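The values are calculated or read from the model by the stated rules, or taken from the named source; none is laboratory data. Please read these numbers as outputs of a predicted model, since none were measured by experiment. Every residue, glycine as well, gets a Cβ built from its backbone with ideal geometry; the counts of neighbours run over all protein chains shown.
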Amino acid sequence: MQRIGDARWVRYSLISAAVAFSALFLLLPLVAIFAQAFASGWSTFIANVTEHYTLAAIGLTVLVTILTIPVNLAFGVALAWLVTRFAFPGRRLLQTLIDIPFAISPVVAGLVYLMLYGRNGWIGGWLDSHDIQLMFAWPGILMVTIFVTSPFVARELIPLMQAQGSREEEAAVTLGAKGFTLFRRVTLPNIRWALLYGVILTNARAVGEFGAVSVVSGAIRGETNTLPLHVQLLYQDYNTVGAFASAALLALIALFTLAAKALLEWRVSRQEVAA
Amino acid sequence: MSIRLENIQKHFGRSQALTPTNLHIDNGELIGLLGPSGSGKTTLLRIIAGLESPDAEVGPRILFGERDVTRVHVRDRRIGFVFQHYALFRHMSVFDNVAFGLTVLPRRSRPSSGEIRAQVYRLLEMVQLEHLAARYPAQLSGGQQQRVSLARALALKPEVLLLDEPFGALDAKVRQDLRRWLRHLHDELGFTSVFVTHDQEEALELSDRVVVMSNGRIEQVDTPDQLYRNPANRFVFEFLGDVNHMEGEVREGVLTCGDAKLHVELPEGHQEILLRPHEVTLSTSADEIAHLPAIVTSVVPVGAEIRVELTAEWMDQPWLATVRHQEASTLGLSRGKKVYARPLSWHHYPQGTSAAAQGAAQPA
Amino acid sequence: MSALSFRLPWQSQQRVLPGFGLSLGISLTFVSLVLLLPLTGLVGELKGMSLSQYWAIITEPRVVASYVTTISGAAVAAVINAAFGLLLAWVLVRYDFPGKRLLDALMDLPFALPTAVAGITLATLYSSNGWMGQLLEPLGWKVSYSWVGIALAMAFTSIPFVVRTVQPVLEDLPAEVDEAAMALGARDGVAFRRVILPHLWPALVTGTGLAFVRSLGEFGAVIFIAGNMPYETEITSLMIFVKLQEYDYAGASAIASIVLAVSLLLLLAINLWQGRFIRRLHGGR
C-alpha cells in the first residue's frame, strides 16, 4: 500500500526532525531533573528527601491527594452516568461547565477561592467569626486541588460511556438488576480502565498542582507547604540540589503516569483485537 | 488501451494474496473480477492501478498497450480509480472534487480555469448531477456520491478505468441503475474497464468477460455465457449459482445413496454429481432412471417461478428445485408432500482435476 | 389530583435506568459548590469598585505590559506547537520506527510533569551555565530572563494539546483519501496541502487554540525562567500573584476578571468554530 509521504527521504527526514525535537525539547529536561538531583551523589539525595520539611511536604501532598481522589471519583462517575444515560434539558450546559477548570488559569482559580473563603469573603468572614480558617491552611489547599482536578475522571468516562451506549444496562434491567448492582456488575467492568486512567490523571495533577495552591497556601514550612511549593522554596533559597531532589520525586510520579497510560492503552487495544 | 499482466504475484507478510498470475485484457473490454472475499481480486485490481506493487522477485510486468508501467507510480499511470466507499474529499464541493485532477496538473499542461469549469460541467452533466455542483459530499445520497466519484475519475480522460466494488455499498435498485449506466458510459467513451465484485449476478450482467478468482488464483476467464454453461471446475460451478449435491457409490452404472438411486455413466467407486435447481424436475412417481424420494419443506414463489426446497435422509444438504407455477399446482406441491426428483442433466468434476464431465438423463 | 399528575415535560417518559435523581443531585451539588459558587467571590470583590477604578487598574501600564508579554509569548508558543505538533502527530501515525511507542508516551510528559518542576528544570537548563544556555549564549541567544524563555516554557507545557487532538483525526483518515489523491495525479506536497491538511484543519486549530488558552494562564512553568522584570518579562498570572501578596485583593480580582473572561470567550469561540466545521463535513447532522 502506498500513502502520501511514503518516499524514503521524506520519511527519514520527518522522523529525524520529530525525534530530534522531542529529544531536545522533552527528553532533555527529564534527564536534567535526575542529573541535577543526583549531582552531589546518592547519599545527598537521600538526605535531601528525608529532610524534616521535605517529609512534611510529602505528607501534606499525600493527604491532599488521598482526599481529592474519592471526591472527584464520585463526582466524575455520577456526572458521566447522568449525561450519558439520561436526556434532560441543560445536559450540554453541564458538560460545558465541567471544562471550566481546564480553561481557567490556576492562579485565577486560587484567587476566586481566596476571595470567597478568605477573611474578606462573604463566606470566609462568617467562618472567621466562628474561628474556622480554610485559606492558608490545608483545607484550602484541598479545595483548590479538587477544583483544578475535577474534570479528569468525567472527561475520561463520558466519551467511552457515550460510545458504549446503554443497551447492556437496559438488558440488565430487563433481567431484574437494580441500582448499584447494575452499576457494579454491568457498567463498571466496561469502564474500569478509563476509570483507572482518570484516577491516575487526577493523582498526577493533584500531586503537582502549583499555581492555585501557591495562592491559597501561605507556604508555611512544615505546615502548608506541598511538595511543588517546597521545590519552589528550595530553588529560591539557591538550594538547587535539594530542589531537584524533591522535583525528582515528582518526576517519578509523572513517569509512573506515562507508563500506566501506555500500559492501559496497550491493554485496551489488545481487548479490541481479541473482540 | 489493452492491459497485459505477466507474473503478477503478491505476498502480504507471509501470506500469499496472489499466486503468479497472467492476464490479457483487450482494448475497450469491460472485465469483471469475480470471487469471494480473500480471493485476491481486489489485490489484482490495486496492482493494475499501482496502489500495490507486485512481488519483484518473480519478474512481474504490467503493460498498458506498449507502455511498460510496472515501475510507474500510481499518480503517473493515468488511470481512473473508483473506490468502494467513494473516497470523495469531504471538505470540497462536488465541483471541486471533480475538478481536482485537472487543478493538480503541472502548470504547463493545466487547462485554464474557464476550460476546467466547462469540462467539469460537461462531466457533471454526463452523470446528471450538474444541479448539485455546489453541494458537499455529505449532502448527497450514496448513489449520487458514487456518480461524483466516477465523474472525478473520468476528468483526466483515462484510457483505463478501474473500479473496486463500485456498487457494493448501495441498495439493490440504485445498483441496477448504476450498472446499466456504467455499461452505457463504457460503450460510449470506449475506455478499458476492470471492476471488482463479489456478486456473480453483477459480474455476469455487466462484463464482456469475467475473471473468476479464488485463493489468489484465476480459475477461469470467459464470457458470461460460456462461464455459466461450461464452468471449468467445481469452484466456478459452485460459485456461479445454487448447487444441489448427490454423493454415493457407483456400481454397474447406478449411483446409490441410502434409498436414492440414479443411473449415471460414471466409473465404479465413490462419486459426486452436482446440478442446478433448474436442472431438477419433480414428479409424483419414480422411474427406472431416477429414484430420488424427497419431502417438500418449503414452497416459495419467486417471480415467474416457484422455488421448492426438498429434504431427504440421503441428502447432506436440502436440495432446491425451480418449477413453473402451473407445474406446481398440477403436482399439488405443499409442505410435507412426498415427491420424486428427476435430474434433467447433471455435472461431475473428478477429484483433483479440472476436467469436467456432464451427463444427461434420458427422458423416460 | 392535578398536582399529583403534574410532570415536567422531560419527565413524560418513564426512565429505564436507575440513578437519575442520585447522579443529578451529586452533579448539581458539586457543580454549584465547587465550580460556580467560588466565581461569586470574584463578583463580590469587584462590586465595591467603580468603573473608573476598575478601568484604571486594568490599564495600568505595568499590567498592560504584562498582557503584551503574556499574549505574545502564548502566540509564539502556539505557532511553535502547531508546527511541531503536526509533525509529531504525522510521524506517530504514519510511520513505523524503533522507539515509536516511547516517543508516543513521551508526548504526555508535559501534562504529567508538575509545572513547577518543568519551570525550575527549564530555568536551570537554559541559564548561562546550564546545558543549553552554555551552547546558546555564545551564539547571542539569550533564553533565560527573556521573552524567548517565556515562549519556550509555554510551548513545553502545551505541546500535547496539538499532538493529541490531531493524532486521532489523522488515524481515522482512511487510506482511500491518500489513494484517491494520488490516483488523480497529485504529488505529495499538493496532496498534503489540498487534501490532508483540510481534513486536519479543525483539529489543528482546536488544538492550537487550546494550547494558546493554556499558555495564557500558565504560571508555574514560566515564572522561574522569565526573570519577572516589570514591564519586560512579567506575565499576567504573576501580576495577579504579586498583587495578592501585597494584599491588593481588588487589583488582583480586576486583572483576574479580564484573564477569566478572555479564556472563557476563547474556549467558547473554539467550540463554536469547531461545531460549524463538523456540521459541514457531516452534512448538518
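Looking only at residues of the range C:64-90 that are within 14 Å of C:ARG164 (Cα to Cα) and free of Cβ contacts under 8 Å to residues at least 12 places away in the same chain, we find that the one that is surrounded by the fewest Cβ atoms within 10 Å (Cβ to Cβ) is C:ALA83. Residues to consider are A:THR54, A:THR65; find the one that is at pLDDT 95 or above and surrounded by 16 or more Cβ atoms within 10 Å (Cβ to Cβ). Result of the check over A:THR54, A:THR65: A:THR65.
The set of residues in the range C:197-230 that are aliphatic (A, V, I, L, M) and over 17 Å from C:ASP172 (Cα atoms) comprises C:VAL205, C:LEU210, C:ALA211, C:VAL213, C:LEU216, C:ALA221, C:VAL222, C:ILE223, C:ILE225, C:ALA226, C:MET229. Within the range B:52-95, the set of residues being free of Cβ contacts under 8 Å to residues at least 60 places away in the same chain, facing chain C (nearest Cβ under 9 Å) and under 30 Å from C:ARG276 (Cβ atoms) comprises B:PHE89, B:ARG90, B:HIS91, B:MET92.
Tell me the helices (runs of 4 or more DSSP H) entirely within the range A:134-248 that contain at least 2 residues that are more than 19 Å from A:PRO70 (Cα to Cα) and either over 18 Å from the mean Cα position of the chain (by Cα) or not charged (D, E, K, R) (or both).
On the way: elements: A:138-149, A:151-164, A:167-174, A:179-182, A:188-208, A:211-217, A:227-236.
The qualifying helices (runs of 4 or more DSSP H) are A:151-164, A:167-174, A:179-182, A:211-217, A:227-236.
Filtering the range C:188-240 to residues that are more than 7 Å from every other protein chain (Cβ to nearest Cβ), of a type outside the set (A, V, I, L, M) and outside any helix (DSSP H, G or I) leaves C:GLU218, C:GLY227, C:ASN228, C:PRO230, C:TYR231, C:GLU232, C:THR233, C:GLU234. Residues in the range C:16-66 that are within 26 Å of A:PRO151 (Cβ to Cβ), out of contact with any Asp or Glu (no Cβ under 7 Å at 6 or more places or on another chain) and either hydroxyl-bearing (Ser, Thr, Tyr) or not in a helix (DSSP H, G or I) (or both): C:PRO18, C:GLY19, C:SER23, C:SER27, C:THR29, C:SER32, C:THR40. Against the list (1) closer than 27 Å to C:PRO114 by Cα; (2) facing another protein chain (nearest Cβ under 7 Å); (3) of a type outside the set (S, T, N, Q), the condition A:LEU94 fails is (1). Taken over the range C:1-24, the criterion of being modelled with pLDDT of 85 or more and more than 8 Å from chain A (Cβ to nearest Cβ) is satisfied by C:GLY21 alone. Scanning the range C:80-117 for residues that are hydrophobic (A, V, I, L, M, F, W, C), closer than 25 Å to C:SER144 by Cβ and more than 7 Å from chain A (Cβ to nearest Cβ) yields C:ILE80, C:ALA82, C:ALA83, C:PHE111.
Output the residue which, of all residues in the range C:91-130 that are part of a loop (DSSP other than H, G, I, E, B) and hydrophobic (A, V, I, L, M, F, W, C), is farthest from the chain's Cα centre (by Cα).
We begin by selecting, within the range C:91-130, every residue part of a loop (DSSP other than H, G, I, E, B); these are C:95-99, C:107-108, C:113-114, C:127-130.
Filter once more, so that each one left must be hydrophobic (A, V, I, L, M, F, W, C): C:97, C:107, C:113.
On the way: C:PHE97: 30, C:MET107: 15, C:LEU113: 16 Å.
Ranking the qualifying residues of the range C:91-130, first place goes to C:PHE97.
Checked against (1) surrounded by fewer than 19 Cβ atoms within 10 Å (Cβ to Cβ); (2) closer than 19 Å to C:SER27 by Cβ, A:ALA137 passes all but condition (2). The lone criterion from (1) within 14 Å of chain C (Cβ to nearest Cβ); (2) outside any loop (DSSP other than H, G, I, E, B); (3) of a type in the set (D, E, K, R); (4) in contact (Cβ under 8 Å) with a residue 12 or more places away in the chain left unmet by B:LYS10 is number (1). Could you say whether any residue in the range C:169-187 is among the acidic types (Asp, Glu), closer than 23 Å to A:ILE98 by Cα and crowded, with 24+ Cβ neighbours inside 10 Å? No.
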